[in-house]
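Before any comments, here is the structure.
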Amino acid sequence: MFRALRDDLPDSDVAWLMRSIGLSSDASSKFTNELYYPAFVDEFYKTQPAAREQILKEMYRTNYSVVTPPMLEHLYADRYLDRFNQRTERRLVTMVDITAAREQGDELVLELTDRRTGAVTELHRDVVFLGTGFDTRMPRLVRDLAADLELDRVDVTRNYQLELGVRGAGGAAACYLQGVNEQTHGISDTLLSVLAQRAEEICRDLIAHRARVPATAVSGTGAAGL
């Protein structure tokens, strides 16, 4: 967003606000990239919870809150040229929290609190673009479904099928979750890199699930919820 604004609106005043000390490069390598392979899903799923947590913590810097090295080079070169040309209206503002915001006429006024000194300043903007990340919890729809089924927690099989517990045992219904199983299936679960493999595994499990369901379970209800 920052580079696009700089390039598309060259005369604009652009400030990038961040809580961190600066931009970091992704920590990917040929070694860590193997943890994104479809084959690693089996290994990760069988791993003890404490080890899973360690793997994910060490892998986060390969995918989250980081910038690729080529983009970092572009951003720094742009910044260098701006300094050389004495342009100060495009800048990175590090170690600040946005602690308040309000509308004032046609402007948005952001209250910035410096994390180093506690000093409070205001920044007046015409437009604010948000990069807020995402909620890593299960989607609300899944959590509500789990509550309705009186499940203590959301558990997913290796083939991405939600464990429905006693209330779902032997029934025709099945629910499959994609892209939200990072805690059990590894960091690649939120990415497109294993999407085709995931789709195949779910399709095969759907077929196997239907084969296991008694015919009366399906014909009695008139439909199977998948």
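The values are calculated or read from the model by the stated rules, or taken from the named source; none is laboratory data. For clarity, every value in this text was computed on a predicted model and none was experimentally measured. Here the Cβ positions follow ideal geometry from the backbone for every residue, glycine too, while neighbour counts run over all protein chains shown.
Restricting attention to the range 111-145, the residues that are in a loop (DSSP other than H, G, I, E, B) and closer than 30 Å to V180 by Cα total 12. Checking V41 against (1) exposed (fewer than 15 other Cβ atoms within 10 Å of the Cβ); (2) farther than 18 Å from W16 by Cα: exactly one of these is not met. Which one? V41 satisfies every listed condition except (1).
Scanning the range 116-137 for residues that are more than 27 Å from S12 (Cβ to Cβ) and of a type in the set (S, T, Y) gives T117, T136.
All of V120, V127 fail the test of being closer than 30 Å to L17 by Cβ, within 27 Å of the chain's Cα centre (by Cα) and in contact (Cβ under 8 Å) with a residue 12 or more places away in the chain, apart from V127. The listed residues are T47, T62, and the only one of them that is touching an Asp or Glu at 6+ places or on another chain (Cβ under 6 Å) and either aromatic (F, W, Y) or closer than 14 Å to I187 by Cα (or both) turns out to be T62.
Just give me the residues in the range 26-79 being more than 19 Å from M1 (Cβ to Cβ) and of a type in the set (A, V, I, L, M), in sequence order. A27, L35, A39, V41, A50, A51, I55, L56, M59, listed by residue number. Out of everything in the range 1-55 that is basic (K, R) and assigned to a loop (DSSP other than H, G, I, E, B), what residue ends up being nearest to N85 (Cα to Cα)? Among those residues, the one meeting the criterion is R19.
Residues in the range 59-90 that are touching a residue at least 40 places away in the same chain (Cβ under 8 Å) and touching a helix residue (DSSP H, G or I) at 6+ places or on another chain (Cβ under 8 Å): M59, Y60, T62, N63, V67, M71, H74, L75, D78, R90. For the range 196-215, filtered to residues that are touching a residue at least 12 places away in the same chain (Cβ under 8 Å) and basic (K, R), the residue that is farthest from Y160 (Cα to Cα) is R210. Flag not set for L108, criterion: in contact (Cβ under 8 Å) with a residue 60 or more places away in the chain, touching an Asp or Glu at 6+ places or on another chain (Cβ under 9 Å), outside any loop (DSSP other than H, G, I, E, B) and more than 27 Å from V213 (Cα to Cα).
Kindly indicate whether E122 is of a type outside the set (A, V, I, L, M), in contact with a Leu (Cβ under 8 Å, 6 or more places away or on another chain) and modelled with pLDDT of 95 or more. For E122, the condition - of a type outside the set (A, V, I, L, M), in contact with a Leu (Cβ under 8 Å, 6 or more places away or on another chain) and modelled with pLDDT of 95 or more - is met. Got a number for residues in the range 25-38 being surrounded by 15 or more Cβ atoms within 10 Å (Cβ to Cβ) and either out of contact with any Ser or Thr (no Cβ under 7 Å at 6 or more places or on another chain) or farther than 30 Å from R79 by Cα (or both)? Count: 4. One residue stands out in the range 1-24 among those that are within 20 Å of the chain's Cα centre (by Cα) and loosely packed, with under 14 Cβ neighbours inside 10 Å: the one that is nearest to V66 (Cα to Cα), namely S24.
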